[in-house]
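Take a look at the structure set out below.
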Amino acid sequence: MSVPLPPGFTLRPPELSDGEPIVEMMNAETLALRGVAMVDLDWIVNAWTAPGVDRENDFAVVTDPAGDIAAYVFVESHPPHTEVFSVGAVAMRHHGRGIGAAILGEAERRARRFFPSAPPGERIVMHAGTIAEEPRVAALLTAHGYVEARRFAQMSIEFDGPPAPPPAIPGVAIRPFADGDERLTYDCLTEAFADHWGGNWPGEESWLHDHIDASTSFEPELWQLAWHGTNLAGVLIADRDADGDPTLGHVSNVGVRRAFRRRGIGEALLRTSFVQFHGRGCRGVVLEVDTESLTGATRLYERLGMTAVPRFSQREKELRPAGG
């Protein structure tokens, strides 16, 4: 660790019993800053058991002298390993002690172990995820050479009546996910998100682990698949419970293959989901979007009546220059 922890604070790998204290610690901050609990237990603990992860090196907790969780940090990278993603958090009661700088330095140190797996000479960057417009963390990252590379917004719609049904699209049928659709769903989203910023898309095993195998919120009937004959053209993944609020539906992914875009498939998937959530008694739906999306997603969501508020920021630092 390039920056030492305060005396009595210890860094170690996480244990399964740490999951709930980490969630509580991180949500205390999101509640203070945004008024909502943004972190759930699945997001924390499922990552520790995903295929290919190294819990000893990919994740760490910091404990205080009393043995309580004081901070959490993780690094994540997928082939071709030219991007490493990291998130760190410090318990609010321990702010101002230099722990944030310490875990940031530790994250960068751990990120370097992916260098041998990246193509020789390729540029490698670190992306640090934070709550948008959080000045304290922004100042820390800026001081260590990070610049904001992307801003993500939460877009939401509150139902004031039954949502409009999806438009009919000639040759396209939308139906819920069914057993056997796993690989096709993954392949469709992989292609759809190839145009999105960032290169940290997980492998198939990791993706299935996070979204289906280990998820406690997986409801296949909430996943909508748009078929053009035998071709899967687009996918929407959703779950009921946004920020701990079961009255809000949450769309976590919606993507359309490049060859099928500009036919209204994305709109049809979203309207199908809106109707479904309204029928379940939800008062609205939320999703997250890259505000600079090259696919025009933000414009689509606005056209459907969704409004945006800042949500997350990703800051970037070059760890290895091209040719290095």
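The values are calculated or read from the model by the stated rules, or taken from the named source; none is laboratory data. Model, not experiment: these values are computed from the prediction. Cβ atoms come from the backbone with ideal geometry, glycine included; neighbour counts cover every protein chain shown.
For the reader, a short list of remarks on this structure follows.
- Taking region 264-283 as the range and being on the phi < 0 side of the Ramachandran plot and either modelled with pLDDT under 95 or of a type in the set (Gly, Ala, Ser) (or both) as the test, the residues that pass are 266, 268, 273, 279.
- In region 163-188, the residues that are surrounded by 12 or more Cβ atoms within 10 Å (Cβ to Cβ) form Cβ pairs under 7 Å with partners that are hydroxyl-bearing (Ser, Thr, Tyr) and not in a strand (DSSP E or B), at six or more places apart or across chains, as follows: 166/272; 174/272; 177/185.
- Flag if residue 110 is touching a residue at least 24 places away in the same chain (Cβ under 8 Å) and outside the structural domain of residue 20 (by TED's automatic domain parsing): no
- Any hit, region 17-38, residues being part of a strand (DSSP E or B), under 20 Å from the mean Cα position of the chain (by Cα) and surrounded by 15 or more Cβ atoms within 10 Å (Cβ to Cβ): no
- Cross-chain or 6+ apart pairs with Cβ under 6 Å, region 31-60 first and under 12 Å from residue 14 (Cβ atoms), then crowded, with 18+ Cβ neighbours inside 10 Å and of a type in the set (A, V, I, L, M): 44/22; 44/23; 58/75; 60/73
- Residues of region 109-135 that turn out to be more than 20 Å from the chain's Cα centre (by Cα), part of a helix (DSSP H, G or I) and surrounded by 14 or more Cβ atoms within 10 Å (Cβ to Cβ), as a count: 5
- Being of a type in the set (D, E, K, R), within 30 Å of residue 122 (Cβ to Cβ) and in contact with a helix residue (DSSP H, G or I) (Cβ under 9 Å, 6 or more places away or on another chain) holds for only one residue in 76, 29, 56, and it is 76.
- First in region 215-227 and among the charged types (D, E, K, R), second anywhere and crowded, with 21+ Cβ neighbours inside 10 Å and in a strand (DSSP E or B), Cβ under 6 Å, 6 or more apart: none
- Meeting the requirement of 1 or more residues that are surrounded by fewer than 19 Cβ atoms within 10 Å (Cβ to Cβ) and of a type in the set (Asp, Glu), the strands (runs of 3 or more DSSP E) wholly within region 222-324 are 231-242, 245-256, 284-290, 307-320.
- All conditions but one from (1) among the aromatic types (Phe, Trp, Tyr); (2) surrounded by fewer than 16 Cβ atoms within 10 Å (Cβ to Cβ); (3) under 23 Å from residue 50 (Cα atoms) apply to residue 207; the one that does not is (2).
- The residue that is farthest from residue 170 (Cα to Cα), among those in region 211-262 that are in contact with a Pro (Cβ under 8 Å, 6 or more places away or on another chain) and at pLDDT 95 or above, is 220.
- Residue within region 169-186 that is farther than 30 Å from residue 323 by Cβ, touching a Lys or Arg at 6+ places or on another chain (Cβ under 6 Å) and not β-branched (Val, Ile, Thr) present: no
- One residue stands out among those in region 262-312 that are out of contact with any Phe, Trp or Tyr (no Cβ under 8 Å at 6 or more places or on another chain) and among the β-branched types (Val, Ile, Thr): the one that is nearest to residue 242 (Cα to Cα), which is 286.
- Scan of region 213-234 for residues that are within 17 Å of the chain's Cα centre (by Cα) and either closer than 21 Å to residue 289 by Cα or not aliphatic (A, V, I, L, M) (or both), ordered by number: 215, 216, 217, 218
- Only residues that are out of contact with any Gly (no Cβ under 6 Å at 6 or more places or on another chain), in contact (Cβ under 8 Å) with a residue 12 or more places away in the chain and either of a type outside the set (Val, Ile, Thr) or not assigned by TED's automatic domain parsing to the domain that holds residue 233 (or both) were counted across region 260-300, and they come to 24.
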